[in-house]
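The values are calculated or read from the model by the stated rules, or taken from the named source; none is laboratory data. Computed from a predicted structure; not experimentally measured. Please note: Cβ atoms are built from the backbone with ideal geometry, for glycine as well, and neighbour counts cover all protein chains shown.
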């Protein structure tokens, strides 16, 4: 049972992940853009942040960098969920400080495994 | 991508071709503007290039070759040619002795010209005993084989050795080559050195290049002198025919002839000696061209005794040249010394006067200048013209004699019984007729027309009933009728007349004219199957051109004894004139042909030169040529345009001076050029690089530099520049498009896939079996879509060259084991029985490849085999070493691939009939990706299959093995 923040502008995917995580018994917070995700992270201190790269107002890279720069938030594991699969894009995500980069489309198995891995790290 | 590579290759090939021409004219033009050394020597002032050391001045080799070409392109005469050739060689190659043997047509020998020291500039001609003679055995070998011969150590070539006569010169290393002009051998060029192992293949290449220039020069010279000789003869013949008008005035005639002959052979002094039967001596005839008449009239009476060498010349009809008269002992024996001294002659040419049967004297041609030597060509011209002169001189002499006789004979009425043709009027008539014939002969170059008219005139004159001219054709030895006269026309011809046994053949082969009073008694006539009743008497004379009988004239009459000796002599004179006319016509055609040939050679050279320049200038791609010192020697107009630099600002500067501003690509380009020039051995197989320059205005330029190598000698580089800004932009847009599209596809796929997973997890309630089955179908199709998108992105990246490989040593066994796991996993997963076998020797070397990409290649192939092999089948992987490559087979016993499909199987989106029938899922991109990846590894891939189900197919990839050098390189990184 963990508190997981999802930052994703695509409603369907947001709903999918929320459902899947809830199904596995996690508490889920959702944000539709980078700025609200940042505010929510500051306020709620989730156990894990899953974020899209391409989002309105603030993109995932920037959000990740902010989390990792913050003394208070640095410990929170971050994973990107993105359809951007080019090597340079993946590298940019990891450079921003993310622990994982999960390529869309992913299977729910993959998602579950990644979440478990990050929470237990 | 492939097409683009091909295009690049063509451009580079074209550039390499052009550089040969281009560098040629650059070096030529730079030499003409550059300062020459003080003695006007066009060769570099440094002595022989040190070809022993690796750091040889390569551009000097090139420029020496170019100088050689330039010096030899228009040789003035043979000695200039020989001097230029030997001098050029001494700048190019090491030797203790060099010998240029040139074929001499007159003697049929190869005359040696040799230089006994690289530092000497005077060559020696001839075969004197005081100079070393290279082995005739080698010369003989070269002439026989018509190629070059390299003997680094002469002791080692047993197969040539036995023929060798090495002479006194103890050489140990030998290099020679044959000089050929088209198919004809014109000489040999041979070098020898006292030290063994002096010569190598590089020297051989250089010698061959130099010998080609020399052979070309010999051809030019030959053509030039032949042409000159033809012109001399042609003009001479016309002049002599013009002189015929003076036949009534012997002195003027002789003056005219002497003048003509002297001019034609370039003699200062020319005199005619005529044979006098009464005194059995040769008597000088006044006037004497260019000299004092007194010299001849007073002194030149030469007894033609057999002891006098002059009589040998006169008798044997051979010319004689002495270009060192002062020292010549034969002059004394000829009793010509007083003449030579009085006329102050230094060079002398003597030719017989008159043709073969009726020699009437000799011609003396001399020069007061010792430098003005006579050539064999001069002698031939003079000998040929003298044959034409003799009938005129004879006619003139006869006319004078007869006029004299006329005066004495009128007092003696008994002499009226003489035949008509012996009367003075007859003689005059003949002389006039001869003149008319002469005029006729010179009136046209149409041989057949001239022959018809001449036959008619002559027949009329000697009262012949029928006549004909037979000539040998250019090819073949059977005579042909060229002209005829008489009522019965060609009826005079009998079958067999054309054969060598007939009468015309006889006079030709015996070089003698005949007068036959009774043909029925003559075997040469009777040997022919003919009706001899019609013709009773005949005159037959050969037509001589040069030394050769080219035909015969035949005149017949129906009465016995119709012809007299005088008529025979007249016909002989006519035949001489006819010979001259035929030769004249031949020469005219030869001259026009030669002129045409020279003209077209010149034209094509001009066209070639302007074409090369035009091609270089009009290529849209820029061309930069650097020499071996990485200095720019050519900067084409397109290069100026593309790089925005003026040619005059960069030519002559090292390439590094301005290339630094073009970023990393420019530096790598300059580095490559520097590496090639500093270490030519590093070139190895001709390497083609591609670099990109990014200009300040965001334009992108691609560069393909390539080394320019002659033999194993690095001479420079050629770089092709192309503005590829547009292509780069298009490519960028394409990748962007593909990336966007795939991103946009993946997002909805995430939802589909995720919710199907949720439903299948019974996360929204339990599913009925059919619902579950339908969802499984959606899931598998989503998976297919996912693969397609992945492959699309992959191929787009590969083709845009964005994928870079990181090479490392890969263990073949490990790779194959991974494939085994892969197959076994799928076999288990899909419950499809496929057995798997590996055959690979333990000792197989490691592969040089990118781990992920090689895995991808093998997995793709194995997946394919798996998909197309029914349950119970087998996949075998076989690895082996083939030279520097590792070959890996993926063999299955599945459906196989038909031949037509094999040709298309590596195309993008191609899917075979079988895959559609079997319902095997796939994108049609797998093998296209594999092909791309294999080629990026500098490997090859091919497929073999009989297309028979159950016999399967074999895919083979060939990838480079890790070499020791690679290992070191990898280790250093």
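Considered as a group, the residues in segment B:153-202 that are out of contact with any helix residue (DSSP H, G or I) (no Cβ under 9 Å at 6 or more places or on another chain) and in a helix (DSSP H, G or I) include one that is modelled with the lowest pLDDT, and that residue is B:156.
Restricted to segment A:104-114, and to residues there that are outside any loop (DSSP other than H, G, I, E, B) and under 20 Å from residue A:87 (Cα atoms), the residue that is farthest from the other protein chains (Cβ to nearest Cβ) is A:114.
A residue that is part of a loop (DSSP other than H, G, I, E, B), touching a residue at least 12 places away in the same chain (Cβ under 8 Å) and within 14 Å of another protein chain (Cβ to nearest Cβ) occurs nowhere in segment A:33-51. The residue that is farthest from the other protein chains (Cβ to nearest Cβ), counting only those in segment A:10-23 that are crowded, with 16+ Cβ neighbours inside 10 Å and out of contact with any strand residue (DSSP E or B) (no Cβ under 6 Å at 6 or more places or on another chain), is A:15. Would you say residue B:767 is more than 14 Å from chain A (Cβ to nearest Cβ), surrounded by 15 or more Cβ atoms within 10 Å (Cβ to Cβ) and part of a loop (DSSP other than H, G, I, E, B)? When the stated conditions are applied, residue B:767 passes them.
Any residue that is farther than 30 Å from residue B:68 by Cβ and crowded, with 23+ Cβ neighbours inside 10 Å - is there at least one of those in segment B:197-206? No - not one qualifying residue is present in segment B:197-206. Just one of the listed residues (B:865, B:843, B:796, B:827) is within 54 Å of the chain's Cα centre (by Cα) and away from chain A (no Cβ under 14 Å), namely B:843. Checking the stated criteria, residue A:2 turns out to be farther than 27 Å from residue B:779 by Cα, away from chain B (no Cβ under 14 Å), surrounded by 16 or more Cβ atoms within 10 Å (Cβ to Cβ) and in contact (Cβ under 8 Å) with a residue 60 or more places away in the chain. Screening segment A:71-103 for residues that are assigned to a loop (DSSP other than H, G, I, E, B) and touching a residue at least 24 places away in the same chain (Cβ under 8 Å) and picking the one that is nearest to the other protein chains (Cβ to nearest Cβ) gives A:84.
Within segment B:555-567, one or more residues are in contact with a helix residue (DSSP H, G or I) (Cβ under 8 Å, 6 or more places away or on another chain), more than 23 Å from residue B:235 (Cβ to Cβ), modelled with pLDDT under 80 and part of a helix (DSSP H, G or I).
Quick grid of which residues meet (1) under 21 Å from residue A:86 (Cβ atoms); (2) within 14 Å of chain A (Cβ to nearest Cβ); (3) out of contact with any helix residue (DSSP H, G or I) (no Cβ under 8 Å at 6 or more places or on another chain); (4) surrounded by 15 or more Cβ atoms within 10 Å (Cβ to Cβ):
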position	(1), (2), (3), (4)
B:792	yes, yes, no, yes
B:835	no, no, yes, no
B:872	no, no, yes, no
B:879	no, no, no, yes
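What do you reckon, is residue B:806 modelled with pLDDT under 80 and closer than 29 Å to residue B:691 by Cβ? In short, no. All conditions in (1) surrounded by 14 or more Cβ atoms within 10 Å (Cβ to Cβ); (2) more than 9 Å from every other protein chain (Cβ to nearest Cβ); (3) within 60 Å of the chain's Cα centre (by Cα); (4) in a helix (DSSP H, G or I) hold for residue B:727, with the sole exception of (1). Scanning segment B:842-859 for residues that are assigned to a loop (DSSP other than H, G, I, E, B) and touching a residue at least 60 places away in the same chain (Cβ under 8 Å) yields B:845, B:846, B:850.
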